[in-house]
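The values are calculated or read from the model by the stated rules, or taken from the named source; none is laboratory data. Nothing here was measured: the structure is a model prediction, and the numbers come from that model. Every residue, glycine among them, receives a Cβ derived from its backbone with ideal geometry; neighbour counts consider all protein chains shown.
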Amino acid sequence: MKKKEVKINKKVVGKIEGETFTKELDSSKDFLRTPRAIAFDELALSKAKEMGASKIKVKDKRTGLEYHTSIVNLSNRGFSFNRGFGNQIGLSLSEWSKSEESQVKIFNSKKE
C-alpha cells in the first residue's frame with residue numbers, strides 16, 4: 001500500500017496509510033506538557049481527512065509506544081488552542097489507546 005504525504009507549506013507533517021494518518025514524534029519535545037497531550041495542526045488534520053483518513057496513529061520515537069485514536073474522537077474529546085504555532089487541537093494522553101511495538105511484533109511474527 002502506497003503512503004500519501006500530508007504537507008503544510010511544502011513540509012511533510014505526516015503520512016496517510018489506508019485510512020490512518022500517521023506521525024512519528026518524540027514525546028520529550030513534541031508532546032504537550034500541560035496538559036499531557038498530543039496535538040495536531042488543524043490544517044494538517046483537515047488535509048488528512050480530505051485525503052481519506054479516519055484514524056490517527058502516533059509513534060513515539062523515544063519509547064516505541066504507539067498511540068491510536070479516531071479523528072472523530074479527537075474532534076469530539078479534544079481541545080483547541082493556539083500557542084503561537086497556529087490553531088491546534090490536542091487530545092489528553094489518557095484518551096489515546098496505546099500499544100507497544102515489541103508486543104505488536106510478537107503477535108505479528110510468523111513461526112518458521
Restricting attention to segment 61-71, report how many residues are under 16 Å from Thr20 (Cα atoms) and either of a type in the set (Asp, Glu) or more than 13 Å from the chain's Cα centre (by Cα) (or both). 1
Out of Ala39, Ala53, which single residue is closer than 17 Å to Gly86 by Cα and touching a strand residue (DSSP E or B) at 6+ places or on another chain (Cβ under 6 Å)? Ala39
Among the residues of segment 18-34, is there at least one that is surrounded by fewer than 19 Cβ atoms within 10 Å (Cβ to Cβ), over 21 Å from Leu93 (Cα atoms), under 13 Å from the mean Cα position of the chain (by Cα) and at pLDDT 95 or above? yes
Pull out all pairs, ordered by first then second residue, where Cβ-Cβ is under 9 Å, the residues are six or more apart or on different chains, the first lies in segment 1-29 and is touching a residue at least 40 places away in the same chain (Cβ under 8 Å), and the second is among the acidic types (Asp, Glu) and in a strand (DSSP E or B). Lys4/Glu17
Consider Ala44 carefully, then state whether it is crowded, with 17+ Cβ neighbours inside 10 Å and assigned to a helix (DSSP H, G or I). yes
